[in-house]
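Notes follow the structure.
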Amino acid sequence: VNGTVYEASGAVTFADPTRTAAAATATPSGTFAAGGTVPGTNYAATSSPLENVTIVDPLPVELSRFDVLALRQDALLTWSTASEHNNDHFTIERSLNGSNFVEVGTVRGQGNSQRPTDYTFTDNGAGRLAAATVYYRLKQVDLNGTASYSPVRTVQFASATAQATAILYPNPSQGQTVVDPRSLAAGTYSVQLLDLAGRVLRTQQSVNEAFTLDIAALPQGAYIVLVQGAGVRQSLRLLRN
């Protein structure tokens with residue numbers, strides 16, 4: 001109104017911008033669907049000047065999380081969207097210097113969705129590239145070809161002599177987290193979820209396979225994931241938020 005663009009995901013009822021109480025300010029008054037310019041009259045102004053109210057389409061994707069983790073010599077990318085509008089696909093781009101990015105893969109989007117959606121992509125062999133740090137970003141492409149970029153994320157790979165560790169993602173988690181021991185030596189591992197008092201809340205076996213740990217029923221706070229087997233004993237901190 002008066003030069004301000006209002007962004008909406010559906011029908012919008014306009015209120016008088018000069019009053020604290022809601023009142024119709026567009027002529028004809030009522031509810032207008034998204035996608036156009038609506039002429040109207042500001043009833044609070046003595047001269048009743050003509051106004052234009054522009055309603056634009058909602059943001060194509062609400063990216064709620066984007067992480068990159070080292071999994072042996074591979075880069076594991078995970079991200080989540082809160083909602084999607086006309087989302088065709090994601091292009092995964094990699095850089096070895098933080099400036100020059102190249103495409104390494106694509107993941108199909110949901111099109112239109114009002115539900116949270118989780119995505120994963122593995123960039124195989126990224127740790128064998130001649131770079132201490134590898135950079136990643138997501139290119140989100142709409143159905144009409146319009147594109148936008150995520151923030152850049154980085155990952156560093158351990159040297160061959162460094163101790164490998166199991167990984168948790170997402171961490172913090174609101175309900176589910178993946179326990180992934182595939183960076184460890186081949187073998188069978190016992191995975192225990194403990195509270196900070198050392199009480200065992202859950203136990204699961206893994207033979208070098210990732211699995212999902214459901215913590216939705218647990219109170220918010222910190223927990224310990226204990227991974228044991230094949231000469232390995234590791235304690236990983238997990239946050240439930």
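In region 123-194, which strands (runs of 3 or more DSSP E) lie fully inside it and hold 3 or more residues that are β-branched (Val, Ile, Thr)?
133-142, 176-180
Counting only residues that are within 17 Å of THR78 (Cβ to Cβ) and of a type in the set (S, T, N, Q), which one in region 166-204 is modelled with the lowest pLDDT? Full working, then the answer.
In the first step, residues of region 166-204 are kept if they are within 17 Å of THR78 (Cβ to Cβ); the result is 166-183.
Adding the requirement that they be of a type in the set (S, T, N, Q) leaves 171, 173-174, 176-177, 183.
On the way: ASN171: 91, SER173: 92, GLN174: 88, GLN176: 92, THR177: 93, SER183: 84.
Applying the filter and picking the extreme gives SER183.
Here is a check on your reading of the model: is GLN205 in a strand (DSSP E or B) and either in the same structural domain as ALA82 (by TED's automatic domain parsing) or loosely packed, with under 15 Cβ neighbours inside 10 Å (or both)?
So GLN205 fits the description; yes.
From VAL179, VAL225, which residue is within 19 Å of the chain's Cα centre (by Cα) and either at positive phi or not basic (Lys, Arg) (or both)? Before the answer, list the steps.
On the way: VAL225 fails: within 19 Å of the chain's Cα centre (by Cα).
So the residue among VAL179, VAL225 that is within 19 Å of the chain's Cα centre (by Cα) and either at positive phi or not basic (Lys, Arg) (or both) is VAL179.
Out of LEU138, LEU76, report the one residue that is aliphatic (A, V, I, L, M) and closer than 18 Å to ALA158 by Cβ.
LEU76 is the lone residue from the list that is aliphatic (A, V, I, L, M) and closer than 18 Å to ALA158 by Cβ.
Name every residue in region 90-109 that is more than 14 Å from the chain's Cα centre (by Cα) and surrounded by 16 or more Cβ atoms within 10 Å (Cβ to Cβ), in order of residue number.
Hits for region 90-109 are THR91, GLU93, ARG94, SER95, LEU96, PHE101, VAL104.
Is it the case that ASN171 is surrounded by 13 or more Cβ atoms within 10 Å (Cβ to Cβ) and either more than 30 Å from PRO60 (Cα to Cα) or under 27 Å from the mean Cα position of the chain (by Cα) (or both)? Quick ask: steps written out before the conclusion?
Numbers: surrounded by 13 or more Cβ atoms within 10 Å (Cβ to Cβ): yes; either more than 30 Å from PRO60 (Cα to Cα) or under 27 Å from the mean Cα position of the chain (by Cα) (or both): yes.
So ASN171 passes the test.
Report every pair of residues separated by at least 6 positions or lying on different chains whose Cβ atoms are under 7 Å apart, first residue within region 59-83 and on the phi > 0 side of the Ramachandran plot, second among the polar types (S, T, N, Q).
ARG72/SER183
The values are calculated or read from the model by the stated rules, or taken from the named source; none is laboratory data. These numbers were taken from a predicted model, which means no experiment stands behind them. Reconstructed Cβ throughout: ideal geometry from the backbone, glycine too, with neighbour counts over all protein chains shown.
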